[in-house]
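Below is one structure, written out as structure tokens; the observations come after it.
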Amino acid sequence: MPAERVPLRRQFTRGLDAPICLTWELTYACNLACVHCLSSSGRRDPGELKPAEARHVIDELAGMKVFYVNIGGGEPMLRPDFFDLVGYAIDRKVGVKFSTNGTRMTAEKARRLSEMDYVDVQVSIDGALASTNDAVRGEGSFAAARAAMDHLAAANFGRFKISVVVTRHNATQLDAFAGMAESYGAQLRLTRFRPSGRGADTWGELHPTADQQRMLYRWLRDHPEVLTGDSFFHLSALGEPLDGLNLCGAGRVVCLIDPVGDVYACPFVIDREFLAGNVRDRGGFAGVWRHSDLFASLREPQSAGACATCGSYDACQGGCMAAKFFTGLPLDGPDPECVFGHGAEALAARPAGVIPPPALGHSKVDARGMPVPVPTPVRFRSPVRV
Amino acid sequence: MSLTEERVEAPVHHFDPDSAWRVHPLVALRDESFGALAYHYGTRRLLFLKSPTLVDLVSSLDRYASATAAMEAIVPAPERPRYCRALARLAASEVIDAR
């Protein structure tokens, strides 16, 4: 049937000649130190792509007809050539959706963005209350995010996005987030908390409980207008699938380009195990996308492993590769947040030493090279319903 | 990861196959083995055209006086009602618009 809403999962799992979209972290520099940062950002990497190299990546994306790129970081607005690169991309019909913590969003920059076509902005906030948010993202980050939203609204930017990583402490605030989005004429976007980057250290305390996952599934079913980036497909095992393709697109239809040009299967697996190549390699980004051994193997049929006997494998596809990898679970088995509890059992049965060592990544360090402490979620009181 | 996250309520749209249509100026098509990806830069919506014939038809609309004429030239007769419904859906999501 030549309709557009029938799942194309099979074709997509075999990979396409070019990604449908991709994430590009422009810099590891960040002025916040969120406890769940998927890229362990903080310090700028000296090997960051130079402006000319970054423009070359955009040329390649335009040549491959990648319609848009999700720009993140680090804090992308800290890159001095941020606006130049955004302008360069949209001039070549590569739309830009970028994520920001909002700290650098002045009234003037909001006006500038509102004058650009093909640019979407999403402001990250992880609590409907300052206390919930700041415990994860740092003191003052709630106020900064709200100020950025105020600037965008005042500049008539239109429907910007409010982007929330769902945690144990904000899972009770979904209606409040929806209300916040409505008050700005913005769109709410919820994404799944993965144990990636510094998130590996905080996942145990911060990931939503099993009850919260079921509640979240029902809430998402009741709020189809809320964007999710397809990130909760593991919940589709609970019944009717959530909107979206419900598949892991890593290395098949999506990937990550990191600030130094390394190409990973997805934004949540910044680890050598999932490194496909570098945009500075001879064949450029296209060469990595089309010829890397890693991506070729991801495009092969995957084993359902321990999930093969579960009647819901078609619905959840075994869940998220990154969530399994960074919790030390086999990739061909249940997701740690499997809605039937198989993941919790697997976590409990993990042999010692299977969790990959935490990478320091680009977290800020002190004079002795020790990581600068980031706010710990330990000081949370019980979740507040708002 | 983000694939079809953009959900914009499609306006109620009457599709008249006897008028003239074209690919919406803000839409880009990318050929794929199954058909094509269509991306609307205005609504930020990504859609999938699931047959090469549909891609041919959509890309040819601007060369015919009507969608019906385009279908008569491109789509085998028994298939036309199906393709007409597909065009109506594409009109509703503004992948094609009246010219």
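Quick notes on this structure:
- Residue within segment A:106-120 that is among the polar types (S, T, N, Q), surrounded by 21 or more Cβ atoms within 10 Å (Cβ to Cβ) and modelled with pLDDT of 95 or more present: no
- The selection criterion, being in contact with a Pro (Cβ under 7 Å, 6 or more places away or on another chain) and of a type outside the set (A, V, I, L, M), holds for residue A:255.
- Scanning segment A:337-353 for residues that are within 24 Å of the chain's Cα centre (by Cα) and either free of Cβ contacts under 8 Å to residues at least 60 places away in the same chain or under 29 Å from residue A:260 (Cβ atoms) (or both) turns up A:343, A:347.
- Within segment A:207-242, restricting attention to residues that are under 22 Å from residue A:331 (Cα atoms) and in a helix (DSSP H, G or I), the residue that is nearest to the other protein chains (Cβ to nearest Cβ) is A:233.
- Test result for residue A:128, away from chain B (no Cβ under 14 Å) and outside any loop (DSSP other than H, G, I, E, B): no
- Any chance residue A:267 is within 14 Å of chain B (Cβ to nearest Cβ), surrounded by fewer than 20 Cβ atoms within 10 Å (Cβ to Cβ) and in a loop (DSSP other than H, G, I, E, B): no
- Just so you know, in segment B:17-31 the residues that are charged (D, E, K, R) and touching a residue at least 12 places away in the same chain (Cβ under 8 Å) include one that is farthest from the other protein chains (Cβ to nearest Cβ), and it is B:18.
- Out of A:67, A:142, one residue alone is surrounded by 21 or more Cβ atoms within 10 Å (Cβ to Cβ) and free of Cβ contacts under 8 Å to residues at least 24 places away in the same chain. It is A:142.
- The residue that is surrounded by the fewest Cβ atoms within 10 Å (Cβ to Cβ), among those in segment A:311-355 that are part of a helix (DSSP H, G or I) and among the small types (Gly, Ala, Ser), is A:348.
- Residues of segment A:320-336 satisfying the condition of being without any contact (Cβ under 8 Å) to a residue 40 or more places away in the chain and out of contact with any helix residue (DSSP H, G or I) (no Cβ under 7 Å at 6 or more places or on another chain): A:324, A:328
- Just so you know, in segment A:186-206 the residues that are out of contact with any Lys or Arg (no Cβ under 8 Å at 6 or more places or on another chain), assigned to a helix (DSSP H, G or I) and not charged (D, E, K, R) include one that is surrounded by the most Cβ atoms within 10 Å (Cβ to Cβ), and it is A:199.
- For residue A:34, the requirement of being within 11 Å of another protein chain (Cβ to nearest Cβ) and either of a type in the set (S, T, N, Q) or surrounded by 22 or more Cβ atoms within 10 Å (Cβ to Cβ) (or both) is not met.
The values are calculated or read from the model by the stated rules, or taken from the named source; none is laboratory data. Just so we're clear, the structure is a prediction, and the values are computed from it rather than from any experiment. Quick reminder, even Gly has a Cβ in these numbers, built from the backbone with ideal geometry, and neighbours come from all protein chains shown.
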